[in-house]
1. Between segment 1-62 and segment 127-141, how many Å separate their Cα centres?
2. Sort 186-195, 65-74, 42-51 by packing, meaning the average of other beta carbons within 10 Å per residue, with the highest value first.
3. Please give the peptides 53-61, 145-153 ranked by average Cβ packing (other Cβ atoms within 10 Å per residue), highest first, as a rough proxy for protection.
4. Go through segment 81-90 residue by residue and turn each phi into a ³J(HN,Hα) via Karplus (6.51, -1.76, 1.60, θ = phi - 60°); whole Hz please, and just put x for glycine and proline.
5. Quick query: amide H of Val33 versus all other amide H atoms, modeled in the peptide plane; which residues come in under 5 Å with a sequence gap of 5 or more or a different chain?
6. Amide H neighbours of Gly112 under 5 Å, counting only residues 5+ apart in sequence or on other chains, H built in-plane at 1.01 Å?
7. Which Cα, out of Gly172, Cys111, Ser73, lies furthest along the positive dipole direction of the chain (beta carbon charges, K/R +1, D/E -1)?
8. Hey, any idea what % of the chain's accessible area is carbon plus sulfur with a 1.4 Å probe?
Amino acid sequence: MEINVITLFPDFFTSALHASLLGRALKKQIATVNLINPRDFTTDKHRTVDDVPYGGGVGMVLKPEPIFAAVESVPNIAPREVIMLTPQGQRMDQNLFKDLSTNYQQLILICGHYEGIDERVQHLVTREVSLGDFVLTGGEIPALTLMDGVIRLLPGTVGKKASLEQDSFEDGLLDYPHYTRPPVFRGWEVPEVLRSGNHGAIAHWRHQKQLEATRKKRPDLLPEGKIDHGQ
């Protein structure tokens, strides 16, 4: 997969793109990430990317010309999605990451800043995506979140496919509790069933813990019957 990030602050991504599984995936060329600065496509000596809004108001608005030029500089690899990171978009979730990682070869992520982006940039955009119902200083944090969520699902990023299949939300439930050595820490013991070697009992215990966690923390994820009857 090829991911192109249109950002005024490419240095923001430098450390994250070299760290952990994300860094290893890029090193193995499971995915490639290109950071593209709209300032490189300006034509005036001040490299201007923003201007005052028509109709008045506070703040500055990102101009359309540099963003169009930045996006159009990327050779089209189909199928592709051009995504604007904005609080007005659909919320990120695991289903979105699975869709993007499975059905697209190229992503272009447009990171907004200041008061907003000229509305005409919407003519480039095929999807708007939000990290949540709040406003950040720019689109870089949501873009990094989206990249991490998508790239970790690409084949070869995570060593064991089963690790992905057991993630929270993969089966509509939250994850079960995890334990490792020592068996007792400050008086807290690892549940006996996990030390029993009985794989059937362990699987049943884990599923029950998933249901319990989901009822307690995210009951909206459960069908009504499971909430009422614990089944």
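1. With segment 1-62 and segment 127-141 each reduced to a Cα centre, they are spaced 14 Å.
2. Values: 186-195: 10.7, 65-74: 17.8, 42-51: 12.2.
The packing order, highest mean first, is 65-74, 42-51, 186-195.
3. On the way: 53-61: 10.8, 145-153: 20.1.
Averaged packing, sorted descending, gives the order 145-153, 53-61.
4. Result, rounded to whole Hz: 10, 9, 10, 9, 8, 8, x, 7, x, 5.
5. Under 5 Å from the amide H of Val33: Ile3.
6. Result for Gly112 returns Leu85, Gly139.
7. My answer, from the dipole projection, is Gly172.
8. On the way: 7200 of 13850 Å².
After summing per-atom areas, the C and S share lands at 52 percent.
The values are calculated or read from the model by the stated rules, or taken from the named source; none is laboratory data. In this text the structure is predicted, and so the values were computed from the model without any measurement. Ideal geometry is used to build each Cβ from the backbone, glycine not excepted, and the neighbour counts take in all protein chains shown. Ligands, DNA and RNA are excluded from the accessible area calculation, which covers all protein heavy atoms including side chains. Shrake-Rupley method; radii C 1.70, N 1.55, O 1.52, S 1.80 Å.
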